[in-house]
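The structure under discussion appears below in the form of structure tokens.
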Amino acid sequence: MLKVISFTICPFVQRVTALLEAKQIPYQVEYISLSDKPQWFLDLAPNGQVPLLLTEQGEVLFESDAIVEYLEEAYPALQPQLSPVQKAQNRAWSYLGSKQYLVQCSAQSSKDSNTLRQRSEKLARAFAKVEQVLDQHRFFNSDTLSMVDIAWLPLLHRADLIRQHSGYDFLAGFPKVQAWQQAVLTTGLAERSVSAEFDRAFADYYLSDKTLLGRCQWDCQSCDCSANSLEPACCEPAQPAADIQRCTPLPAANGCCGSTGCGDDSRCG
Ligand SMILES: N[C@@H](CCC(=O)N[C@@H](CS)C(=O)NCC(=O)O)C(=O)O
């Protein structure tokens, strides 16, 4: 059976497991710690990174682009009738997506609204390109899943989790991309391609008190402090980090984020 060497919240791994799920190819997953990589992994992985794919014959494949292209060739194709040009176009749009993984990770890690805004702009430039080419199809360029959908799935999945938690939407202003996101999420591949620990591990890393998006809460009942607009960013720390209070409902007299955390008292009761 195929084996994927993985790290719980790695988007490059999720691209591979999403494709395996889409093709219904059985596989095992072995998780490693990236802060303490086992020697057997370092011996196998020339780039020292996950994902690795161990084929049924025991060959080692690394680099997610190479792995998904192998899976598309070696197993029944998602879109079998594509011309060489269409395949090359799909690869190019896929690379545009996978190049954004680390951009999104760094945006999600932002500690303040200026940083989040700057990092999101880079991501938004890529989503704007997709917005221009999405047409009447259900998925990227057809009514069935393509390799491009799989490549962008980790970005669309994470954008959905962030929006649900904080109200901040990486896809704001891109209605066609939002519709595409819904179509991709409706397949269930996002959940099936990650472990049961994914949501907790993702929240621990990106939605803790250490990140702006972690401090902002979609469902704050005391004021409109979700990171929807970042104008003003109600969850912004106005004081050193030690003083930050979470943006959960507090007595109205204190303001939503408490006297230390809210950038705009007029919005906080
Ligand atoms: N270009 C690689 C990137 C993979 C990557 O960045 N993986 C991260 C985890 S998401 C990793 O293994 N980081 C550990 C390291 O770089 O030492 C690919 O596409 O497979």
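Structure values in brief
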read-out	value
Qualifying residue in the range 14-24 (condition: exposed (fewer than 14 other Cβ atoms within 10 Å of the Cβ) and either farther than 20 Å from residue 153 by Cβ or within 16 Å of the ligand (Cβ to nearest atom) (or both))	no
Any chance residue 87 is free of Cβ contacts under 8 Å to residues at least 60 places away in the same chain, charged (D, E, K, R) and near the ligand (Cβ under 9 Å from one of its atoms)	no
Any hit, the range 28-40, residues being surrounded by 15 or more Cβ atoms within 10 Å (Cβ to Cβ), farther than 30 Å from residue 141 by Cβ and near the ligand (Cβ under 10 Å from one of its atoms)	yes
Lone qualifier among 202, 198 - being under 18 Å from residue 119 (Cβ atoms), modelled with pLDDT of 95 or more and among the hydrophobic types (A, V, I, L, M, F, W, C)	202
Subset of the range 10-50 [more than 14 Å from residue 147 (Cα to Cα) and of a type in the set (S, T, N, Q)]	24, 28, 33, 35, 39, 47, 49
Pick from the range 50-69, criterion within 22 Å of residue 93 (Cβ to Cβ) and of a type in the set (Val, Ile, Thr), ranking: nearest to the ligand (Cβ to nearest atom)	67
Helices (runs of 4 or more DSSP H) (entirely within the range 140-212) containing at least 2 residues that are charged (D, E, K, R)	147-166, 189-192, 198-206
Qualifying residue in the range 70-81 (condition: of a type outside the set (Val, Ile, Thr), touching a Phe, Trp or Tyr at 6+ places or on another chain (Cβ under 7 Å) and either under 19 Å from residue 178 (Cα atoms) or within 13 Å of the ligand (Cβ to nearest atom) (or both))	no
Residue 110 within 18 Å of the chain's Cα centre (by Cα), in a loop (DSSP other than H, G, I, E, B) and away from the ligand (no atom under 13 Å from the Cβ)	yes
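Residue-wise test of (1) surrounded by 16 or more Cβ atoms within 10 Å (Cβ to Cβ); (2) among the hydrophobic types (A, V, I, L, M, F, W, C).
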{"position": "116", "(1), (2)": "yes, yes"}
{"position": "120", "(1), (2)": "yes, no"}
{"position": "125", "(1), (2)": "no, no"}
{"position": "133", "(1), (2)": "no, yes"}
{"position": "137", "(1), (2)": "no, no"}
{"position": "144", "(1), (2)": "no, no"}
{"position": "151", "(1), (2)": "yes, yes"}
{"position": "156", "(1), (2)": "yes, yes"}
{"position": "159", "(1), (2)": "yes, yes"}
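Condition check ((1) closer than 26 Å to residue 21 by Cα; (2) touching a helix residue (DSSP H, G or I) at 6+ places or on another chain (Cβ under 8 Å); (3) not assigned by TED's automatic domain parsing to the domain that holds residue 27) across all residues:
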residue	(1), (2), (3)
66	yes, no, no
102	yes, no, yes
105	yes, yes, yes
117	no, no, yes
134	yes, yes, yes
148	yes, yes, yes
161	yes, yes, yes
177	yes, yes, yes
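The values are calculated or read from the model by the stated rules, or taken from the named source; none is laboratory data. This structure is a prediction, so every number in the text was calculated from the model and none was measured. Here the Cβ is made from the backbone with ideal geometry for all residues, glycine too, and neighbour counts use every protein chain on show.
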